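Notes follow once the structure below has been shown.
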Amino acid sequence: MRKLVGSIIRTNKIFNFIKNDDKILVGVSGGKDSTLLLKALTLYSQYVNHKYGWNIKIYGLHIKMNYYRHIDYTEFKKYLKQNKLNVKFVESDIGDILKAKAKKGLVQCSLCAKLKKAILVKEAKKIGAKIIATGHHADDAIETLFLNMIHEGRIATFSPHIYFDRSDTYLIRPFILLREKDIIKEAKKEKIPVIENSCPRETNTERIYIKKFLETNFYKNKIFNMSYNNFLVALLNGKQSTLWFDNKSKKKDLIKKLNEF
């Protein structure tokens, strides 16, 4: 776990999104990323308490989607208990809503995200936590960069930390500088009991395709063995981007002309 905790320490030095006396609610899906984030943040809280005298409280929340009704939590709960990890399990009707709102038989990912966020915010308020943490890592950020370029024509990815003024809460991603392969390695070492994913689109998304595309054509390609680090550096290097237009009106004119071809 040392590498994971070390990554959180480095990330917080850059983005400064965790401070003394913070209460942090970790969204625990039951997958390797969020479970390890919960444990790593718990260890991080112990580290900063010992080193700086900080008092950080870490809580976990698992939302039962109830899309499938037969999920067995036995091994997962056993792991949590053995590692003294604090996770609350809450029931939800998200599964029923997604089925009712499905388009052409497919659930809406954006709707699912909104429903889960609403529950996380509600539960965070109950314990006085202003910070919600999710297990997104560097690979997720790079994949989102490519998906935004393909679908939206913009060079952008999600932020390491976001403030939601309506709910007065922050969303942070402490694993944002961590490679997925390091998380997978630690998950195997820790023998993380992964909960069956209840998302019906988990293995059939464009993100999965982009992930495989990047691995095959860049990460595992000796010609481009520097690509992963440079993709990540590019995300940290936003002020030095060189694009055609900064003026919004000129952008609109350019897009209009492109559409005329």
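A few remarks follow.
- The chain: most fluctuating residue of LEU171, LEU111, LEU61 per GNM, C-alpha cutoff 10 Å: LEU111
- Estimated from the Cβ-Cβ distance and a Förster radius of 45 angstrom, the FRET efficiency linking LEU106 and TYR47 is about 0.55.
- Reported to the nearest whole Å, the Cα centre-to-centre distance from region 46-108 to region 112-144 is 11.
- Per residue, region 15-54 exposes 42 Å² of solvent-accessible protein surface, assessed with a 1.4 angstrom probe and all protein chains in place.
- Structure-based [θ]222 nm, the chain - -39500 (n - 2.57) summed over DSSP H runs of at least 4, per residue, nearest 500: -15000 deg cm²/dmol
- For the chain, with all protein chains in place and a probe radius of 1.4 Å, 53% of the accessible heavy-atom surface sits on carbon or sulfur.
- Members of LYS19/LYS51; LYS32/LYS57; LYS19/LYS212; LYS3/LYS32; LYS78/LYS130 lying beyond 25 Å, as alpha-carbon distances in this model show: LYS19/LYS212; LYS78/LYS130
- The chain: DSSP helices with Cα axial extent of at least 24 Å and average Kyte-Doolittle hydropathy no lower than -0.5: 32-52, 109-126
- Listed residues ILE24, ILE184, ILE176, most fluctuating in the chain (Gaussian network, C-alpha, under 10 Å): ILE184
- Amide H partners (placed H, <5 Å) of ILE131, local residues excluded: LYS23, LEU25, TYR170
- Relative contact order %, the chain, counting alpha carbon pairs below 8 Å whose residues are six or more apart: 22
- Build a GNM of the chain with springs between Cα atoms under 10 Å apart, and of LYS125, LYS39, LYS191 the one that fluctuates most is LYS191.
- Kirkwood Rh, angstrom, the chain [1 / mean 1/r, Cα pairs]: 20.2
- Computed on region 6-117, with alpha-carbon pairs under 8 angstrom and 6+ residues apart, the relative contact order is 23 percent.
- DSSP bridge pairs, the chain: antiparallel proportion in percent, nearest 5: 25
- Sites THR74 and ASP21, calculated FRET efficiency, Cβ-Cβ separation with R0 30 Å, nearest 0.05: 0.25
The values are calculated or read from the model by the stated rules, or taken from the named source; none is laboratory data. Note that the structure is predicted; figures quoted are calculated from it, not measured. Positions of Cβ are backbone-derived with ideal geometry, glycine not excepted, and every protein chain shown enters the neighbour counts. Just so you know, the surface numbers come from the protein's heavy atoms only, side chains and all, with ligands and any DNA or RNA stripped out. Shrake-Rupley method; radii C 1.70, N 1.55, O 1.52, S 1.80 Å.
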